[in-house]
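Quick note: the coordinates plus some simple rules give every number you see, no bench work behind them. As the structure is a prediction and not an experimental result, all values here were calculated from the model. Glycine gets a Cβ as well: all are built from the backbone with ideal geometry, and neighbour counts include every protein chain shown.
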Amino acid sequence: MEQFKTERSRYARSLIEASLDPLFTISLEGKITDLNKASTDIIGNTRENIIGTDFFGYFTEPIKAREVYQDVYKNGFVTNSPLTIKDNKLTDVLFNGSVYKDDAGNVLGVVVVARDITEQKRIATKLNEAIVFAELTTDIAEQAKSKAERATLIAENAVKAKQQFLSNMSHEIRTPMNAIVGFTKVLFKTDLTVKQKEYLSAIKMSGDALIVLINDILDLAKVDSGKMTFEKIPFKISLSLSAMIHLFETKIREKNLQVFKEYDNSIPDVLVGDPVRLHQIILNLVDNAVKFTSTGSITVSARLTKEDEENATIEFSVTDTGIGIAENKLTSIFENFQQASSNTSRLYGGTGLGLAIVKNLVEAQGGSIVVKSQIDTGTTFSFTLNFRKTDSLDESEEDIEEFAPGIKNIKVLVVEDILLNQLLMKTLLDDFGFQRDIAENGKIAIEMLIKDDYDIILMDLHMPVMNGFEATGYIRNELNNDIPIIALTADVTTVDLEKCRLVGMNDYIAKPVDDRLLYSKIVSVLKRSVYIKNVTDEATLRDKGTKFSCINLDGLIKRTKSNPVAVLEIIKAYLDQTPPLITAMNNGYKDKDWNKLYSAVHKMIPSFGIMGIKTDYENMAKTVQEYARAPEQANGIYDLVSQLSNVCTNACTELKEEYDRIKKTGL
Ligand code: ADP
């Protein structure tokens, strides 16, 4: 029995010692009766010293410890009550306890296990700290985000403000600039000394350069802000390319470069797109190609790369054999105000805006542009654009009317609020010999139109009291008057043009007004309208030169300042040189000697302008010249050669007649 008791006691002790948590037994009076090693370790005293001491004295809050102890008695147990042991580390414990009884069920004392939760607490604190830290970082990140959003908004507003400022300033500068350039042109027509002409040329060149810059800035601001609108009208790509190349012919000839057009004939004849923008893109690229090339050639090509029932994708390329661009500059040249090297501006001029605009214009139409280049070998810029296919005819194909100052009794109503522009229009119209009245705004124009008869109205768009759109709407809808109206606009890129069409305007002309274009527009708009009947019947009082069907000597007489000796000399030179050229041209074609054909036509071309022969024939000669360069196609041009031959023969006959007359009676 005794042995059994000893075994039980050992068994109990080993259970007690097995616990890593401090374990105590406490008497009813609250004295410690037994404890394990974990308890002696934590208290830091020996078992003997601790037994018999007051249990509550080992806690930082003895009263709370007593209450917990009493709870064990009351309820028979307690679980997870937090307390802190008064050791030098202040160990946090969870107090779990239950009563123990004798065989008769009398409570003898309490067993408590105090679970050391220092590590859990440390982890919990760390976790808490981590949570707080995470919350803090989230807060900081959110603050940073909202700061960044505010900064973006400020930056966006600043960009918008910059665009608005540029746009407004450019507009404001453009009006006086247009007047400066316009009046310079007018001054050119007066008698000037050589020096004055030189100074005037400098003023005009600077003015033109400034207007180009202002327009470029406006264009950029517009594309940037998404305000750039693109037309969708049917036009012929082939004609557009030829027109672009012709524009550069003089420059190219001056630099002794060659120009080639490579046109893919499978491109549909008429496509729908924005010819003005396409011109702007190609002009910029060809202008650069000519500028940066001193020997060799420039090739402008168009190739059909994709086609389906509705659309055609075309790749345009401009290739030169010029100075090339360094590889590390190939991207930056497309940025605003960027040139390939710091001395580009000094050597070649320019502002570094052209390619930025080109890229914007191409991309805004859904296309893309790439450049390939090698220093000292040359550069190719290629861009692709998508066009819609159509069955309709080319709308842009307009004959530019030749300047024929004979048409005089056209009465024009100019509606324009800015005094400088009024003066300029007066001068130009007086020059054409047209009658003109000026109205300061749309309202005054309507009053004048009710009282008086006019053949055509030139209408500014933005005016006080009543603007050009309102006035046109009134004229069309209230007065039911279909008098031709041409809009005068400083800004051909905005939605204004669409509005012009919608309110019933017949055409538009961009400021600064080019006198030849203005004349041509007035005459062609009038021709298209019923008004032309009255006009042509009475008004085609042709000047001397125009009694001939082929030639017109007005220009020559003007250029020679009506000097009969000079006129006779030039006519004689033409009469001497042309018949052999006609023969050479005909023989060249007959013998398939394309070089001979090319060289004969090439020599003929400059004389068309001098003798006032219609530009149609000059263009015909240029076409023959082009064909002579591509002999595989030249067989089919018999008609052109024979027409050219007839025109030049007629010109000779008419010039001979005029030569004899001038010799006898003077100019
Ligand atoms: P700009 O011609 O007014 O300087 P662009 O934006 O049209 O401005 O061209 C930017 C720069 O790209 C030019 O200054 C030039 O350095 C380079 N560049 C453009 N086209 C060519 C080219 N065909 N050959 C060589 N360099 C070119």
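Remarks
- A simple packing score, the average count of other Cβ atoms within 10 Å per residue, orders the peptides 421-430, 60-69 as 421-430, 60-69, with the highest score first.
- Rounded to the nearest 20 debye, dipole of the range 1-141 from Cβ charges on Lys, Arg, Asp, Glu: 220 debye
- Span from the the range 300-353 Cα centroid across to the the range 638-667 one, whole angstrom: 45 Å
- Prolate/oblate/rounded call for the chain, Cα gyration tensor, a/c under 1.5 rounded: prolate
- Shape category assigned to the range 31-105 from the gyration tensor of Cα positions, a/c cut at 1.5: oblate
- The range 43-169 - Rg and Dmax from Cα coordinates, angstrom: 30.6, 108
- Only helices enter this figure: runs of n ≥ 4 DSSP H residues, each worth -39500 (n - 2.57), summed and divided by the residues of the chain, yield -17500 deg cm²/dmol at 222 nm to the nearest 500.
- Under 20 Å from the Cα of Lys160 - lysines, other chains or at least 8 residues apart: Lys147, Lys222, Lys227
- Cross-link pairs Lys195/Lys511; Lys255/Lys372; Lys64/Lys86; Lys411/Lys451 - those with Cα-Cα distance over 19 Å: Lys195/Lys511; Lys255/Lys372
- Under the Karplus curve 6.51 cos²θ - 1.76 cosθ + 1.60, θ = phi - 60°, whole-Hz ³J(HN,Hα) for the range 208-216, x wherever Gly or Pro sits: 4, 4, 5, 5, 4, 4, 4, 4, 4
- Cα-based shape type of the range 99-150, given that a ≥ b ≥ c are square roots of the gyration tensor eigenvalues and the cut on a/c is 1.5: prolate
- In plain terms, the residue of Met244, Met448 with the fewest other Cβ atoms within 10 Å comes first and the most crowded comes last, giving Met448, Met244.
- Antiparallel content of DSSP bridges confined to the chain, in %, to 5: 70 percent
- Computed over the range 123-227, the ratio Rg/Rh where both radii use C-alpha atoms and Rh is Kirkwood: 1.53
- Ranked by how many other beta carbons lie within 10 Å on average, peptides 19-28, 74-83 from highest: 19-28, 74-83
- For Asp507, the residues whose modelled amide H falls within less than 5 Å of its own, excluding neighbours fewer than 5 places apart on the same chain, are Ile485, Ala487.
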